[in-house]
Ligand SMILES: NC(=O)c1ccc[n+]([C@@H]2O[C@H](COP(=O)([O-])OP(=O)(O)OC[C@H]3O[C@@H](n4cnc5c(N)ncnc54)[C@H](O)[C@@H]3O)[C@@H](O)[C@H]2O)c1
């Protein structure tokens with residue numbers, strides 16, 4: 001039976017390499033649709049949890065994993081040799097930046113090495129990790145062809161980016177159209193057939209590089225617009241205009257405008273990172289991606305701006321940052337998640353401490369986190385923090401679980417970087 005038939009009758013064995021925020025939801029959807037799925041990860045703890053039927057990703061209910069395991073449709077393993085048995089393999093491993101802001105492709109290379117070691121005729125390989133345009137053609141394909149097998153003749157090769165938005169209940173993996181670009185039509189058709197069984201719509205494009213670039217356009221669009229609105233916030237502050245009211249007014253335009261909001265800086269695995277994959281690659285063609293660089297500069301200056309504004313707020317009550325007790329509400333990079341990757345709250349924390357503040361924080365989604373040079377930092381319940389009468393509270397992440405009414409009532413001074421206190425007023429409330 002050929003691969004298309006196996007995809008259609010759901011006997012196609014799917015392997016997912018990397019069981020994180022992207023790989024696990026996809027694995028769960030494929031198993032739910034009836035495909036036998038094997039998840040591959042280097043993290044033994046994750047593999048153990050999943051095989052015990054427990055999910056560690058909030059968007060994937062534990063019940064779904066438990067049921068898939070019970071039905072024999074899902075198992076996880078650290079043994080890459082099992083890749084040989086897979087018909088379709090999806091790679092969803094991290095693509096971070098090095099300190100120099102160059103792409104760190106080591107996880108992708110490691111995963112592709114594992115695929116290469118077990119590659120056989122008839123398999124479909126799909127790269128899902130966000131990466132620079134050209135990765136599939138220039139990096140993955142030559143590596144796999146070192147086996148002597150030829151892409152397009154002996155195996156199928158595809159790039160199909162993930163667009164998952166963790167903690168967004170309106171758009172889960174299955175609800176988001178999936179862009180698919182293969183090295184040839186057959187590869188694209190096969191991937192569309194497989195993913196089409198689990199997502200609302202597939203969007204075939206003419207090449208892997210278009211699919212890679214489309215993902216980077218999406219994330220660069222966000223980074224640049226957030227950079228623009230962050231600059232607008234600084235401008236409005238200087239001019240004495242309420243930026244939040246301005247955005248609320250502008251967004252009533254029914255066409256040609258999309259609201260973006262200022263904040264303490266960019267966070268997460270995607271927006272602060274992906275645009276630099278593009279500017280790095282553009283530089284190799286002698287092209288300087290000016291919007292990306294400028295947005296990066298503005299966005300990365302926001303944590304310092306928050307600290308300046310804390311200083312201004314303290315100044316109104318004749319206090320200095322040095323020696324003040326400052327409490328952060330929220331350390332995760334965005335509301336209602338426990339993800340700390342690239343969180344701007346970490347920068348705010350460090351900048352405040354460097355200026356002599358005594359910093360504490362609360363986050364119902366993050367019991368403890370690591371801070372470079374400080375080791376483990378424990379968060380404390382907000383009620384306990386407020387009872388200790390901090391000199392200033394900074395809302396760094398606007399989690400729904402916070403009791404904002406209690407905060408407004410009890411805190412002496414508040415800097416709200418997220419407009420979480422939109423419906424409250426008071427001379428002690430300062431907004432970004
Ligand atoms: N998190 C998001 O919201 C999001 C959205 C869209 C795209 N992406 C992209 O998807 C990719 C994966 O991101 P993520 O958020 O799922 O990362 P993650 O860190 O949550 O998960 C990655 C998983 O890969 C595993 N891993 C690392 N190296 C491995 C290897 N060699 N073999 C097997 N497993 C390995 C890790 O242990 C981890 O479990 C990245 O390129 C990211 O940019 C992420």
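Each value in this text was obtained by applying a stated rule to the coordinates, not by laboratory testing. Note that this is a predicted model, so its numbers are computed, not measured. Neighbour counts are summed over all protein chains in view; Cβ atoms, including those assigned to glycine, are modelled from backbone coordinates with ideal geometry.
Build a GNM of the chain with springs between Cα atoms under 10 Å: which of 240, 20, 263 gets the top mean-square fluctuation?
Among 240, 20, 263, the largest mean-square fluctuation in the Gaussian network model of the chain belongs to 240.
Compute from the Cα atoms of the range 71-210 the Rg and the Dmax, the latter being the longest Cα-Cα distance, and quote both in angstrom.
Considering the range 71-210 through its Cα atoms, Rg and Dmax are 15.1, 46 Å.
Give the Rg (one decimal place) followed by the Dmax (whole number) of the range 3-64, computed from C-alpha coordinates and expressed in Å.
11.9, 35
For the Cα atoms of the chain, what angle does the longest principal axis make with the long axis of helix 274-284, in degrees from 0 to 90, nearest 10?
Roughly 70 degrees between the two axes.
Below 8 Å, C-alpha to C-alpha, sequence gap of six or more: please give me the relative contact order for the range 191-292 in percent.
Reported as a whole number, the value is 28 percent.
Given Cα pairs under 8 Å that are at least 6 residues apart, what percent is the relative contact order of the range 297-432?
26
Explain nothing, just the number: relative contact order of the chain, from Cα pairs under 8 Å at least 6 residues apart, as a whole percent.
10
For the range 258-283 and the range 175-189, what is the separation of their C-alpha centers, rounded to whole Å?
25
Stokes-Einstein D for the range 320-411 at 4 °C, 1.567 mPa s, Kirkwood Rh over Cα pairs, in µm²/s?
Taking Rh from Cα pairs, D becomes 99 µm²/s.
For the chain, modelled as a GNM with alpha-carbon contacts under 10 angstrom, which of 96, 142, 161 fluctuates the most?
The residue that fluctuates most here is 142.
Would you compute, from DSSP H runs of 4+ residues alone, the mean residue ellipticity of the chain at 222 nm, taking -39500 (n - 2.57) per run and dividing by the full residue count, rounded to the nearest 500?
Theoretical 222 nm ellipticity from helices: -11500 deg cm²/dmol.
Using R₀ = 45 Å, calculate the FRET efficiency as 1/(1 + (r/R₀)^6) where r is the Cβ-Cβ separation of residue 75 and residue 252; round to 0.05.
For residue 75 and residue 252, the calculated efficiency is 0.30.
Can you give me the three principal axis dimensions of the chain from its C-alpha atoms, in Å, biggest first?
Computed over the Cα atoms, the extents are 77, 50, 44 Å.
Consider all pairwise Cα distances in the range 1-133 and report the whole-number % of them above 20 Å.
For the range 1-133, the fraction of Cα-Cα distances above 20 Å is 44 percent.
What do you get for the angle between helix 106-118 and the principal long axis of the chain? Use alpha-carbon atoms, 0 to 90 degrees, nearest ten.
Its long axis makes an angle of about 20 degrees.
For the range 320-368 and the range 114-137, what is the separation of their Cα centres, given in Å?
Computed from Cα coordinates, the inter-centre distance equals 39 Å.
Picking from 129, 343, 389, which is most flexible by a Gaussian network model of the chain using Cα springs under 10 Å?
389
Does anyone have the angle between helix 208-239 and the longest principal axis of the chain? Alpha-carbon axes, 0 to 90°, nearest 10?
For helix 208-239, the angle is close to 0 degrees.
If you take every DSSP beta bridge whose two residues both sit in the chain, what share of them, in percent to the nearest 5, is antiparallel?
15
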